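Written below as structure tokens is the structure these notes are about.
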Amino acid sequence: SEIKTNSIEKKTTICCYCGVGCGIMADTDKLGRVTIEGDADHPVNRGQLCSKGRNLHYTVNDTSDRIFYPEMRYARNQPRQKVSWDSVLERTAAVFKTLIDKYGPDAVAFYASGQCLTEEYYVINKLVKGFIGTNNIDTNSRLCMSSAVAGYKMSLGEDCVPVCYDDIELADLIFVAGANPAWCHPILWQRVEKAKEKNPALKIIVSDPRKTQTCSLADLHLQLNPGTDITLHHAIGRALIENDDVDPAFIENHTEGFETYRAIVFERTVAEAAIICGIEESDIRMAARMIADANGFITMWTMGLNQSVIGVNKNLSLINLNLITGHIGKPGSGPLSLTGQPNAMGGREVGGLSNLLPAHRDLQNPQHRAEVEQFWNIMPGKIAAQPGLTATEMFDALNEGRLKAIWVLCTNPLISLPDVRKAEAALQKAKFVVVQEISHQSEMIKYADVVLPAAAWAEKEGTMTNAERRIGYLHKIKEAPGEALPDAEIICRFAQKMGYKGFDYPNAAAIFAEHAALTKDTHVDISDLSHAILKEKRAVQWPYTKTINGHGTARLFTDKTFYTASQRAIIRSFPDENLSEKISPDFPLILTTGRIRDQWHTMSKTGKVNKLKQHISESFLEMHPEDAAQRKIRENDLVEIANERGHVRVKARLSDNIKQGVVFLPMHWGKVLDSDLNRANNLTNNLVDPQSKEPDFKFSAVEVKLYTKP
Ligand code: SF4
């Protein structure tokens, strides 16, 4: 995977944007300029890259916004000064020790990112849970896929995606629920397009309140009302049961909970469900017929299900369709949750959320805590039994004064958190804010007492895991500018300044080796895997041991043995009730937020690339022409979207691709020229799923008015 020629050095790596996990070949010339192409030998993308991946070299070569050296200040009203790494980490350790001594370990928190490499996730999790002694380590992945984590655990016994991308070519039906992979996971969607070209029998169902680019490939678009996914999935389940189109042998031998499920889904007729969903009964029945006719059936979903106050139940209700039809653990069948971030999955493997332990161990299981404590060579009882603060809870705790210090790395919560003005207030109240960042343009810098310059994607080595459990190795492509350091090194140096032992790793390979050893004899077992093997093989799927095969495990549950106590998959039942905030006469429209094709997350990288702005250059509000006409709004008019939490001012785009009563804002924009009026999260609400703690980004009540200057 490393080819040297006279003038250039080619190295393999993995795209740092979405969870598809495309392989990249990066060339560096003698001047250090990097060029990028798709890795033709990578099993995920076979040389293809989407617009974001193709333009990655611009962000790599442009260091104009980079932070070059550490900075700190001694008081809030003082400016930060350039300092040495030793000084900044000694001072930070001293502040953390003082706060921990005075208020206890739960007075500090770390907020990380699904963009962190697995090695970085591993050391920060070890530092916080094993040595500081708090579980206050969470990540922006909480905003993205924590509902899927909980859904898998509750239905299959563990957080695991059972299928692989190759199953796409083996399926004859893909049900895409609450996702727009044509824009958000483009290379994976290209595989679907090619599979459909080759096999016209492959059918696609899409459920989404918006008619997105993904719908152009759909045989059936279920344009349901926001928040009615469970109603739809239950109605399809009922239609399958009514028509004897379930798999009785699979249900009998490999599941539990079917009878309760049957009772729940029979509480409402398909016709009643159709009215609630705002779609035709015949379309629900057609979806059920398509599932019944399929030999291979994949369910595929992302934020439309996850980012919801009922996100876990939405996940479970969709997975139930695989379970009642026996479409799991066989080629071309199973649930496939897509991850938004490149290493959300790797973070899950090392236990990088406030309620997890490494290798899918359970924080609240004393045996599991003891195993990890023994492995980390720490005092028995050091790992706290209670989950720590989640992403949104951290900022609530800062506002309430319970949390004193927060360390934010590799993410910008001032764009991405719901009801984001609350997060701004929280950072003002914090006693101490550490920001580990690559760009001085992040709004977080304004609040930082300490700024730690981090190496960017191309400037460090490590691993990431994509949405199909495939672990890939990222070569270091170039040196970091100035004094920037890899995130893992920053964390390990800080841990040593705190006086903790076990953080003197010689390199990232040694961190990976320790992480891999901790997975031994678990369902995530990669104990025989190493950086050296990954460099040679490019990417393998966990579990991976010498006894499995050279490329790991493509598919889980092929023997129909699930990871639950009974070894049966659990068909979960729950009431079908949308707990989102209610629309009202004052705020009668439902705001849903999401992504556009050529931007990624908070635009800290893609926002720097002019080419990517050519697709959509500014934020906008998509609304139905009828809703617009009622408000005397025309195409391109400046409109104000408002509710009790805040307001946003953007141009209107009228489209009958969106359901009447629903409006859509992209989630990417933060402050533009010091104005935060493009920021969708001024409007989103504070509700979270009670189980996953994932916010309800897809359902906030708003009103829209034509904006006229006062
Ligand atoms: Fe990168 Fe995702 Fe595009 Fe692949 S599909 S190139 S991983 S952004």
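Once the Cα-Cα distance is subtracted from the 0.36 nm per residue extended length, the residue 370 to residue 424 segment shows a gain of 15.6 nm.
DSSP beta bridges confined to the chain are antiparallel in about 50 percent of cases. Of all DSSP bridge pairs formed entirely within the range 589-706, close to 65 percent run antiparallel.
Please identify the chymotrypsin sites (Phe, Trp or Tyr not before Pro) of the range 265-313 that satisfy two criteria: DSSP loop assignment and at most 16 other Cβ atoms within 10 Å. Which are they?
On the way: sites: 266, 297, 301; in loops: 266.
Filter output for the range 265-313: 266.
Under the convention that each Lys and Arg Cβ holds +1 and each Asp and Glu Cβ holds -1, the size of the dipole of the chain around its Cα centre is about 1820 debye. Computed extension length for residue 385-residue 73: 108.8 nm, one decimal, from 0.36 nm per residue of separation with the Cα-Cα distance subtracted. Given R0 = 22 Å, the distance between the Cβ atoms of residue 708 and residue 582 translates into a calculated FRET efficiency of 0.15.
Sorted from largest to smallest, which semi-axis lengths in Å does the alpha carbon gyration tensor of the range 435-512 give for its equivalent ellipsoid, taking the root of 5 times each eigenvalue?
Numbers: eigenvalues 100, 70, 32 Å².
Value: 22, 19, 13 Å, ordered largest first.
Derived scalar couplings between HN and Hα for the range 160-176 equal 8, 7, x, 9, 10, 4, 4, 5, 4, 6, 9, 7, 10, 8, 10, 9, 9 Hz in order, rounded to whole Hz, by the Karplus curve 6.51 cos²θ - 1.76 cosθ + 1.60 (θ = phi - 60°), x for Gly and Pro.
Each label point was placed 7 Å from the Cα along the Cα-to-Cβ direction; for residue 292 and residue 272 their separation is 2.2 nm.
Too long at a 23 Å Cα-Cα cut-off: which of 460/546; 520/546; 476/537; 196/537? Listed pairs above 23 Å: 460/546; 196/537. Bridgeable aspartates and glutamates around residue 11 (alpha carbons under 16 Å apart, same-chain partners fewer than 8 residues away excluded): 2, 27, 29, 37, 39, 41, 459, 461, 479, 536. Going from the fewest other Cβ atoms within 10 Å to the most, the residues 442, 113, 146 appear in the order 442, 113, 146.
Placing unit charges on each Cβ (+1 for Lys and Arg, -1 for Asp and Glu) gives the chain a dipole about its Cα centre, and among 450, 486, 516 the Cα reaching farthest toward its positive end belongs to 450. In this calculation the C-beta distance from residue 649 to residue 29 is compared with R0 = 41 Å, giving a FRET efficiency of 0.40.
The lysines within cross-link reach of residue 404, meaning a Cα-to-Cα straight distance under 22 Å and a gap of 8 or more places when in the same chain, are 97, 102, 126, 129, 382, 422, 429, 431, 446, 497, 693.
Given R₀ = 56 Å, FRET efficiency for residue 94-residue 536 by Cβ-Cβ distance, to 0.05?
Numbers: r = 44 Å, r/R0 = 0.79.
Here the calculated transfer efficiency is 0.80.
In plain terms, the residue of 708, 602 with the fewest other Cβ atoms within 10 Å comes first and the most crowded comes last, giving 708, 602.
Only the coordinates and a few stated rules stand behind these numbers; no lab work does. Because the structure is predicted, anything quoted here is derived from the model rather than measured. Virtual Cβ from ideal backbone geometry, glycine too; neighbours counted across all protein chains shown.
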